[in-house]
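These notes are about the structure you will find just below.
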Amino acid sequence: MEIITRRQRMSSVARKIKREPDRTIGLVPTMGALHDGHLSLVREARRMCDVVVVSIFVNPEQFGPSEDFEHYPRDLTKDTALLTDYNVDYIFAPTVEEMYPKGFSTYVNVSGLSKPLEGATRQGHFRGVATVVSILLNAIRPDFAFFGQKDAQQAVIIKRMVKDLAFDSEIVVLPTVREESGLAISSRNLYLSNEEQQSAAVIHRGLAKAEEAFKKGERHAAKLEDAVRTTIASEPGVRVDYISVVDAETLDKLEKVDARPILIAVAAYVGKTRLIDNTMLNKPG
Ligand code: AMP
């Protein structure tokens, strides 16, 4: 396994691989502090592709001024050890200056889809995500790039961007990996005390309640949202930011759910930590 820190070196390695007939490259973009959620993407990339590249880059462009960029967990030594076990071929771990050299001034904005849900609270977040993913896709030209359903809006935005800008990569979205308690695994769970981790599991229980109501025939979005809200309200340490029932592709808010794939998205504060989770109804396939 090679750790690459220079964008040019990464591009030339990828170009060389692509010159060999039928060799596929899989890219797993991450911000490091790797956990079982990331590793499920790596495992699938390893299964599907000949060469696996994992990028580790805490992207300043996707953090707001009052967010946790400085304090975001970083542990390249531990991440490298994990990825060695998973037989990854390359880690691409550039510096900020390498990704955004002096004079950088081109940004990708997926309008519309970047506005609701996370976009409403996190100004500029998805512009940062779309820009960094564009750089990675252009530098590496992977056949497949792997993302988690945990960040459902991000996955929708990246898929749209790849279609609109004709990137030659297929986006693969994989299910959310959870703790035994149901809590979606996230690097930000490291900010939670043990007690807060226990409380945070109520978010998933809330989503499960809404799924149950849907299975029993409930079709009013407001009722499904209520099912999530009342469940979460049973944990005084958890404060809802939003609960939203939306079309899983357009992210349009719905009053009634029908046969379309539907996303129920939640953001909630557990203490000072903001967590997101979601579930999909009428999952395709
Ligand atoms: P991050 O390092 O948080 O930017 O995440 C990198 C990738 O891992 C993104 O595509 C996330 O959606 C995905 N991911 C994060 N947590 C999970 C999880 N619990 N299950 C599945 N994928 C995840």
statement: Within the range 123-134, residues touching a residue at least 40 places away in the same chain (Cβ under 8 Å) and in contact with a helix residue (DSSP H, G or I) (Cβ under 8 Å, 6 or more places away or on another chain) come out as G124, H125, F126, R127, G128, V129, T131, V132, V133
- prompt: Restricting attention to the range 65-72, does a residue exist that is of a type outside the set (D, E), crowded, with 19+ Cβ neighbours inside 10 Å and either on the phi < 0 side of the Ramachandran plot or more than 13 Å from the ligand (Cβ to nearest atom) (or both)?
  reply: no
message: Take the residues in the range 48-63 that are out of contact with any Lys or Arg (no Cβ under 6 Å at 6 or more places or on another chain) and in a loop (DSSP other than H, G, I, E, B); name whichever of them is farthest from Q123 (Cα to Cα).
response: C49
message: Here's a check for you: in the range 163-178, which residue that is assigned to a loop (DSSP other than H, G, I, E, B) and within 20 Å of V266 (Cα to Cα) is farthest from the ligand (Cβ to nearest atom)?
response: P175
message: I need a count of the residues in the range 184-218 that are more than 16 Å from the ligand (Cβ to nearest atom), closer than 20 Å to P236 by Cα and free of Cβ contacts under 8 Å to residues at least 40 places away in the same chain.
response: 5
statement: Those residues of the range 246-285 which are surrounded by fewer than 15 Cβ atoms within 10 Å (Cβ to Cβ), in contact with a Leu (Cβ under 9 Å, 6 or more places away or on another chain) and farther than 19 Å from K159 by Cα amount to Y269
query: What tally of residues in the range 38-55 results from selecting those that are among the hydrophobic types (A, V, I, L, M, F, W, C) and away from the ligand (no atom under 13 Å from the Cβ)?
result: 5
message: I'd like to check something: does the range 34-44 contain any residue that is in contact (Cβ under 8 Å) with a residue 40 or more places away in the chain, within 21 Å of V173 (Cα to Cα), crowded, with 18+ Cβ neighbours inside 10 Å and touching a Lys or Arg at 6+ places or on another chain (Cβ under 7 Å)?
response: yes
task: Could you please find all residues in the range 208-245 being surrounded by fewer than 19 Cβ atoms within 10 Å (Cβ to Cβ) and of a type in the set (G, A, S)?
output: A208, A213, G217, A222, A233, S234, G237
- prompt: Pick from the range 145-162 the residues that are within 13 Å of the ligand (Cβ to nearest atom) and of a type in the set (A, V, I, L, M, F, W, C): which of them is farthest from V266 (Cα to Cα)?
  reply: A145
- request: Would you check which residues across the range 73-111 are under 16 Å from T5 (Cβ atoms), exposed (fewer than 13 other Cβ atoms within 10 Å of the Cβ) and among the charged types (D, E, K, R) and list them?
  value: E97
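A short reminder: the numbers here are calculations on the coordinates, not readings from a lab. Predicted, not measured: the structure shown is a model, and the values here were computed from it. In this analysis, Cβ positions are derived from the backbone assuming ideal geometry, glycine residues included, and neighbour counts consider all displayed protein chains.
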